[in-house]
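The structure under discussion appears below in the form of structure tokens.
The values are calculated or read from the model by the stated rules, or taken from the named source; none is laboratory data. Remember, predicted model here, so these are calculated numbers, not experimental data. Neighbour counts run over all protein chains shown; Cβ positions are idealised from the backbone, glycine included. Quick note on the areas: whole protein, heavy atoms, side chains included, nothing else; ligands and nucleic acids left out. Shrake-Rupley method; radii C 1.70, N 1.55, O 1.52, S 1.80 Å.
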Amino acid sequence: MDVWERIRRINKAFSHEALLKAIKKLFIFLMFAIFCLIIIPQKALANSTGSPWESVLDKENLVSLEIAPYGILVGQKSHAHWQNPYNGIFISRDFGNTWEEFALGGYGIMDTKVVDNRIYAAAHFSTPMHPAGLYYSDDYGATWIHRGQDWKATTVEVAGDTIYLGTISNGLWISRNNGITWENAFKYEVKPGTHIHKIWRNGDVMFIKTNSGLLVSYDDGKNFEINDQLSTAVGRCVLLTPTRIYAGTRDVGLLFSEDLGATWETTKRLRSLDTSLLVKAGRNILAAAETYAPYETIYLSKDQGKSWADTLITDLVEPYGILDVGVIPGAPTSEIFAVVAQEGIYKMEIANAPTSFPFLGDLWEGQESTELISTITSFFDHEYPLLGYTSYSESENSAQTTTNFLGQREKEPVIYYSSHNGYDFGLKYGTKIIAPAAGIANYYYCPACGHAIKIDHQNGYETTYMHLQKEDLVTEDSAGNVAVEAGDTIGKVGMTGNTTGPHLHFQIKKDTDYDGSFDDEFPTGMTDPFGWQNSLVWDPWATFTWQDNQGPHRGSSSEYLWAADWSSWEVRETFRESGALMELADIRVEIPATIKPYPLHMKVQKYAKVTPPNSKLKFIEGSSFIVEATDFAGETVHKLDDFLTLKFKVPTDLSENVLKDSLKFFHWDSLEGAWEALTTKLDPSGEYLQAKTDEISNFAVFGEVLTPADESVGETTLEFEATGSGKWLQEPPLVTLTNAAGNRVFYAVGKENEYWQEYTEPFVVENEGVVEVRFRALDEAGNVENTKAQTFYIDPSREVLGTVKIENARFTVQ
């Protein structure tokens, strides 16, 4: 073999060997790639699928979650001691962004509850150093006290001084004196060895989940019974709300009861899901978890269970399971946290911002940015905005209350007025009303409305303006179809119709069936242009349905329709360990650093005109505002640990009738139902009134007047000329009205006619029979005289009829 052949064979062998090595390397690479794909963490896959959830605490064996006023508490119980788990309570004070070991390390915490800032914990592990069972802390977790026996605890519930403790094998125990003495709740009904998984309580009604099913007590745990319908459906969990009880089941999905569990109905949604976990946030958000394979996820509802949306957590949890869920309510977003077995804590934001269609501009000439709210005297009632609708009446419980767009529900005089279907803006007589958006204007009149203009904005909304003056209307034709542009004058504030003083009644209809007509939208199309601004409470009008002689009806949802930015009326801040200043127009609220607990969410918002507590005081325009505070868990805080400083800039155009030195802050005492004065003084600058308070409430500034309103208007007298016999007049009387102070005078003729008009010259009462003339005066400050009345008996034919009484008569008309 020559040398060239030898070289060729060597090269060939070398090529085969290289090829084999290359194939081997490729095989190893492919196997490694497949292996990597198999073991990629589920959370990484979730990120690739666009899940809205994010991991915030990567710890195994987390079992429970509690939203406390000062943070998120998470319990851990792991038997894998060789991994050195913390087995205590973790806490996050910044919405899950960072976590720290908090308390009871090594105890195996199965559940926590926080009531009145006292922390309760159910401990599972018993050691020579510490027994299992119930622990509580009165100092935010610095020290702990054990109460009760050495029970392996599973869950805890608290109401006042009553503690309910579930155990692994010792049943349910109840202490009615804050843990001093205990009693076995089951006695002879259920074996003491029953495993308690969960406790739900509202008032005297209590449900508990045991290893054999759901039990119910209607006497605060004194006696328990099996609910047959839930047992048949294999009940797994319960959620008690003020109006309903929800139950998750294995076989028929989500049930609800409106009679304390006596009967149950299946919801239209989640009917076939194995629902094993239910939670709520405030009165609005519900969460339901299906935690059994093959499809495990969390659903959210923002309308009390009428509709549900999948949160797409499936890719994160399968096949591990969802153990607990908690929600921090807030605006414009809430946050939901989920405990995922063997994975840790995941978080997702929930958008709560109200829907908006901002097309409405200013309503009157010279309108300032904050006046749209600060001039409100009566709100849209979100319970029953049925003013003028006679086929259905609001319930007896709601007949004297109003629910406004903030979710506040109060009686008069706090909020005016029940069944109102629009807004009253307290404006001076003669203020020019302008079109807030382009549209087609028409005129109409009714005894209660007075002179009114309607504008079809050609976008599915119609606005109405009532109680206008007769003069200077954009049209006096009910079919005028006058085109108007934004800013065009359409009338002036008057006192026509059924009014207590000069104001603009403004209301909006929505074309809910999209047929181009608003005639069929009363009252169902009545809507609130301020929308619904409370993320914790559902809008009752949006979900209200009823049946009457006109057929079935449904209320309307409300969108925010103003072009003005909502932020011009409200400021929000979250405080931790430093003070701050919140400013809103002429209002300042100073927050000291000593306010606790942290974090504290504060809101300052402009509010409506308010009625002074007596006629000797006058409300100072622009001084009405609300301060609200909520803790980390979204619960309302009514009283603070330290004092806020309130400031209001003294107006430069203060009325000469108001004593400047008498100006004082007042706060609304909801328990007493009255305005209470705060100690008030000028701050060092001399520009601002200043007061301190630890109350969270409504605030306003009032000042003493030199001349009370009823005196400044002056007395109006009526004189008439006519001939007659006795009290009956034989000719129409000529009436003259005179006001002692020279103020404007208004009158209305006839009991059934609500039409008020301005008096300019003597007039003849042309009606016959018994006729009433009502009259009152209006001064420049907007004060209105108490209405007076004069009754006339007019019989021009001189044929006065006597009284005829007919009994048990039947008439047939053919």
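Tabulated data for the structure shown
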| quantity | calculated |
| --- | --- |
| Residue that is assigned to a helix (DSSP H, G or I), surrounded by 10 or more Cβ atoms within 10 Å (Cβ to Cβ) and at pLDDT 50 or above, where the choices are Lys59, Lys43, Lys21 | Lys21 |
| Count of residues meeting criterion [of a type in the set (D, E, K, R) and over 20 Å from Ile433 (Cα atoms)] in the stretch 478-531 | 7 |
| Subset of the stretch 426-472 that is open to solvent by 20 Å² or more (accessible area, probe 1.4 Å) and among the small types (Gly, Ala, Ser) - its residue that is farthest from Trp756 (Cα to Cα) | Gly460 |
| Which numbered condition Lys603 misses (of (1) charged (D, E, K, R); (2) outside any loop (DSSP other than H, G, I, E, B); (3) within 21 Å of Glu687 (Cα to Cα)) | (3) |
| When residues of the stretch 643-666 are limited to those that are charged (D, E, K, R) and modelled with pLDDT under 90, the one nearest to Leu584 (Cα to Cα) | Asp653 |
| Number of the condition not met by Phe702 [criteria: (1) part of a strand (DSSP E or B); (2) over 30 Å from Arg776 (Cβ atoms); (3) open to solvent by less than 20 Å² (accessible area, probe 1.4 Å); (4) not charged (D, E, K, R)] | (2) |
| Output for the stretch 385-403, where each listed residue is under 20 Å from the mean Cα position of the chain (by Cα) and touching a residue at least 60 places away in the same chain (Cβ under 8 Å) | Pro385, Thr403 |
| Ser78, sole failed condition from (1) in contact (Cβ under 8 Å) with a residue 24 or more places away in the chain; (2) closer than 17 Å to Ile199 by Cα; (3) part of a loop (DSSP other than H, G, I, E, B) | (2) |
| Residue in the stretch 325-336 that is small (Gly, Ala, Ser), under 30 Å from Ala438 (Cα atoms) and open to solvent by 30 Å² or more (accessible area, probe 1.4 Å) present | no |
| Identity of the residue in the stretch 683-693, at pLDDT 95 or above and not charged (D, E, K, R), that ends up farthest from Ile587 (Cα to Cα) | Thr693 |
